[in-house]
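The values are calculated or read from the model by the stated rules, or taken from the named source; none is laboratory data. Since the model is a prediction, treat every value here as computed from it, not as a measurement. Ideal geometry is used to build each Cβ from the backbone, glycine not excepted, and the neighbour counts take in all protein chains shown. Just so you know, the surface numbers come from the protein's heavy atoms only, side chains and all, with ligands and any DNA or RNA stripped out. Shrake-Rupley method; radii C 1.70, N 1.55, O 1.52, S 1.80 Å.
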Amino acid sequence: MLSSFFHPSSIAVVGASRDSKKVGYQILKNLLKYQDGKVYPINPSAHTILGLPVFPNLAAFPQKVELAIVAVPAPFVEQVIDDCIEKQVKAVVIITAGFAEMSAAGKQLQIKIATKLTEHHIALLGPNSLGFLYPTNSLNASFASQQIGTGSLALISQSGAMLTALFTEMESNKVGCSFAISLGNKAGISENEALEFAAQDPNTKVIGAYLESFADLSQFFQLASQVAKTKPLIVLKGGRSKTGQAASVSHTAALATNDVLLKAASEQFGFVMVDTVEEFIQTIFFLEQNKTVPENTMIITNAGGPGVNTVDVSEVRQLTLAQWSPSSVNNLQEQLPNSNITNPLDVIGDANAERFSFAIRQAQRDPQIDSIVVIITQQAVTNVPEVVEMLLKIKSKKPLCVALMGGDKFNSNRKSLRAAGIFCTEYPNDIVAMLAITKKAAEAKYFPEKFQPFRLQHDFPISHLATDLNATFLLLAEYGFKLPIYSIIANEKQLDQVHLPSYAKTANLALAHKKDMGAIFGITKTKEDVTNSFAQLKKFGETVLYQQIIEADVELLLGANRDVQFGPYLAIGLGGSWTNILSDRSYTFLPSTRRVFTQKLQQTKAYAALQKLDKKYSQKIGEKVITLMLQVQKLMLAHPEIQELEINPLMINEKGIWAADVKIKTT
Ligand code: COA
């Protein structure tokens with residue numbers, strides 16, 4: 001679908017302006033470089049613009065138009081769209097703002113326009129879009145004035161201004177792109193079509209996406225899990241905080257997305273979420289410039305302190321630090337007798353360009369080193385410009401990142417390194433943060449299973465539905481959960497059924513804060529306790545629950561929920577009295593596999609506790625919990641009536657794993 005935008009034989013700019021300060025002028029100017037097709041300005045009052053003959057409207061234009069770029073004020077857009085339909089154009093970009101992001105009426109108009117175009121099979125980008133760039137064809141169909149060369153980075157952005165900000169940095173960092181697209185309000189093309197294109201585009205090696213909402217999360221996960229196997233997908237999500245959400249709604253009419261779930265989804269489906277614009281830019285630029293993701297990093301510096309701190313931060317960020325190979329150690333010891341041959345390699349405060357050069361070249365030859373971080377500071381003897389000159393001459397096959405400390409004094413030196421395509425920052429920790437993200441991106445490709453959209457298994461034999469507590473207990477038993485012996489008592493006559501001792505609480509599941517309200521009686525040892533407890537608890541609901549007392553070594557929470565955007569997911573973590581204190585939770589989107597459930601359990605604090613139990617009981621408790629996670633998945637697949645299920649605590653002792661308390665919300 002996106003390809004219909006990238007190779008048009010003819011382009012009309014509707015709203016091309018004579019005024020060089022206007023958007024319609026800049027778009028036309030950018031398009032003059034396009035060689036593979038003709039460009040026509042449309043304007044009711046002009047005769048020529050930028051030397052091109054002008055037509056008053058699309059109808060008056062005698063030839064066919066494949067791509068129309070619309071930059072007229074909002075009230076005229078619908079008429080222009082009707083003209084596009086009449087003209088049978090293939091694709092339309094609406095630059096104009098003032099639609100869904102502005103008002104309810106704007107939203108209505110946007111829907112009307114998008115529906116008309118869909119009915120006529122015309123692709124739409126926008127409205128409220130900056131346009132797009134396809135440098136391979138010298139096609140700049142946007143009002144961004146920067147000159148962006150060809151490269152391997154695909155940029156997908158819901159904010160046009162984010163793109164222009166990136167373009168300026170791309171110019172000075174010698175970063176090119178395969179395509180860049182501003183999605184605007186996403187009434188037509190969304191991130192999913194762009195991702196689909198990027199996935200099969202041979203020029204694209206890395207994808208950076210700035211998104212404020214998702215058109216269809218399930219489709220996004222599906223595409224992300226496919227693309228992540230071959231191309232890193234780095235996502236910066238706008239509108240994650242409450243204030244940010246409010247801002248993004250007015251910006252691009254975005255819908256809020258649950259941030260915690262999104263982070264969990266990124267781990268499961270192989271895309272990498274970054275937190276800041278800086279991380280986003282640095283990661284995608286590095287990946288564009290360096291085709292390999294470094295695994296073992298060597299730090300070379302003339303500044304002991306910053307070097308040590310960089311190593312410290314690397315450890316926190318879980319970067320793998322390289323070790324010099326024995327032959328490197330020999331060579332370095334010979335040439336640098338006053339240095340300890342370690343990581344970081346301190347070439348010492350009196351290092352000149354030659355000494356830096358020797359160490360870097362040794363690192364380049366060393367098979368145990370994948371990437372090199374050079375930290376340069378001004379010292380009495382170190383001539384920084386000379387070191388920079390030396391770096392500019394080094395042809396490094398291994399990723400080389402430079403931290404040039406010293407503030408504004410070295411701005412021009414940093415600039416020349418960046419212009420030469422060398423990754424350069426002021427502080428080394430920015431490099432460490434970026435390398436840690438690229439490491440995550442490299443690992444992400446091993447993670448995603450083949451994504452399968454969630455489908456209810458209607459043919460699954462349902463013996464009974466979860467309708468009340470008793471039915472839910474029976475259902476859990478059917479799915480292999482062990483239950484404490486229990487009685488659900490509705491009136492005094494049934495009290496004889498209660499086993500002693502037992503634990504008494506209301507069977508009213510909907511009730512929150514049961515303990516505070518007195519809806520939990522606790523242990524009943526005698527018949528009298530039973531009678532008293534029933535008298536206390538019956539006012540909280542129609543029935544009272546009496547349960548066998550279980551002593552647990554570990555209490556877990558195992559639950560599942562269905563989210564409107566994310567679909568069903570499972571949650572696991574420490575439960576019982578630890579539930580809110582530790583907020584230990586990891587989420588898995590369903591359906592998933594034993595491998596993923598295992599990885600998700602390993603991310604929790606509960607996992608360490610289970611490992612201890614494995615040893616204590618000489619049993620595979622962790623494995624048993626994973627089996628129960630799979631059983632909850634089965635249950636959610638088969639029981640559409642269950643909106644939310646929470647087994648908390650799931651009590652573990654040597655005799656087994658017990659579903660002691662269950663909360664259920666049915667639809
Ligand atoms: N067909 C063709 N041309 C038309 C037209 C029509 N129906 N109606 C007006 N025009 C011409 C005008 O005559 C003018 O040309 P001129 O300057 O030579 O006279 C040109 O189109 C532009 O019209 P104008 O009324 O001057 O509008 P503008 O340039 O001030 O604003 C937009 C138009 C689209 C740029 C503006 O409405 C807008 O939406 N701006 C925000 C864009 C944006 O931020 N998008 C998101 C980016 S991330």
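Computed 3J(HN,Hα) for region 199-214, one whole-Hz value per residue from the Karplus formula 6.51 cos²θ - 1.76 cosθ + 1.60 where θ = phi - 60°, is 4, 9, 6, x, 7, 8, 10, 9, 10, x, 10, 9, 10, 10, 7, 10, glycine and proline marked x.
Taking 0.36 nm per residue of separation and subtracting the current Cα-Cα distance, fully stretching the chain between Lys615 and Asn383 would add 77.6 nm. Rolling a 1.4 angstrom probe over the protein heavy atoms with all chains in place gives the chain an accessible area of 44 Å² per residue. Derived value for region 112-213: Kirkwood hydrodynamic radius 13.7 Å. Basis is the mean of 1/r over every pair of different alpha-carbon atoms.
Only helical runs count toward this figure. For the chain, summing -39,500 (n - 2.57) over DSSP H runs of n ≥ 4 and dividing by all residues gives -11500 deg cm²/dmol at 222 nm. Averaging over all projection directions, the Cα-based convex hull of region 342-418 occupies 4.9 nm² in the image plane. A Förster radius of 22 Å combined with the Cβ-Cβ distance from Asn470 to Glu528 puts the calculated FRET efficiency at roughly 0.30.
Using heavy atoms of the protein chains and a probe of 1.4 Å, the accessible area assigned to Phe356 is about 0 Å². Reducing region 343-408 and region 463-522 to their Cα centroids gives an inter-centroid distance of 69 Å. In this structure, Lys539 and Asn653 have a Cβ-Cβ separation that, at R0 = 30 Å, corresponds to a calculated FRET efficiency of about 0.35. Note on Ser45 and Ala420: the model spin-label points, each 7 Å out from Cα along the C-beta direction, lie 5.3 nm apart. Extents of region 85-150, largest first, come to 39, 28, 15 Å (Cα atoms, principal axes, whole angstrom).
If you average the sequence gap of Cα pairs under 8 Å that are 6 or more apart and divide by the length of the chain, what percent do you get for the contact order? Relative CO of the chain lands at 9 percent. Max-minus-min Cα coordinates of the chain on each principal axis give 98, 79, 39 Å, with the largest extent listed first. Computed from the C-beta positions of Ser138 and Ser9 and an R0 of 22 Å, the FRET efficiency is 0.90 to the nearest 0.05. Once backbone amide H atoms are built at 1.01 Å from N, Leu574 has Leu557, Asp584, Lys605, Ala606 as its partners under 5 Å, excluding neighbours fewer than 5 places away on the same chain. Working from label points 7 Å from Cα in the Cα-to-Cβ sense, the Lys409 to Gln318 distance is 3.8 nm. Over region 55-107, what per residue volume does the convex hull of the Cα atoms give, in whole Å³? Dividing the Cα hull volume of region 55-107 by its residues yields 77 Å³.
For Lys116 and Gln35, the difference between the fully extended length at 0.36 nm per residue and the C-alpha to C-alpha distance is 26.1 nm. Placing one equal scatterer on every Cα of region 2-132 and applying the Debye formula, the log10 ratio I(q)/I(0) at q = 0.11, 0.18 Å⁻¹ is -0.34, -0.94.
The phi-based Karplus calculation (6.51 cos²θ - 1.76 cosθ + 1.60; θ = phi - 60°) puts the 3J(HN,Hα) values of region 276-290 at 10, 4, 4, 4, 4, 4, 5, 5, 5, 5, 4, 5, 5, 7, 10 Hz, whole numbers, x for Gly and Pro. Oblate is the label for region 153-202, because the ratio a/c of its alpha-carbon gyration tensor axes (a ≥ b ≥ c) is 1.5 or higher and a/b is not greater than b/c. Say the cut-off is 25 Å between C-alpha atoms; which of Lys33/Lys229; Lys22/Lys116; Lys291/Lys445; Lys263/Lys439; Lys620/Lys665 go over it? Those over the limit are Lys33/Lys229; Lys22/Lys116; Lys620/Lys665.
Beta-bridge orientation, the chain: approximately 45 percent antiparallel, per DSSP, counting only bridges with both partners inside. At 1.4 Å probe size, with the rest of the protein present, what percent of the exposed accessible area of region 117-160 is carbon and sulfur atoms? Of all accessible area on region 117-160, carbon and sulfur atoms account for 48 percent. If you bin all the Cα-Cα distances of region 585-642 at 10 Å, starting from zero, the percentages per bin are 23, 49, 23, 5.
With all protein chains in place and a 1.4 Å probe, the accessible surface of region 1-91 carries 53 percent carbon and sulfur. Stretching Glu86 away from Glu492 to a fully extended chain increases their span by 138.3 nm, per 0.36 nm per residue minus the current alpha-carbon distance. In this label model, Ser20 and Ser145 are separated by 0.9 nm, measuring between points 7 Å along each Cα→Cβ vector.
Our summary gives region 508-631 a relative contact order of 15 percent, counting only alpha carbon pairs under 8 angstrom and 6 or more residues apart.
Apolar share of the accessible surface for region 182-292: 55 percent from carbon plus sulfur atoms, 1.4 Å probe. If you take all other residues with their beta carbon under 10 Å from the beta carbon of Ala322, and give Lys and Arg +1 and Asp and Glu -1, the sum is -3. Restricting attention to region 504-577, the count of lysine pairs at 8 or more positions apart or across chains with alpha carbons under 12 Å apart stands at 4.
For the pair region 185-235 / region 588-667, the C-alpha centres are spaced 32 Å from each other.
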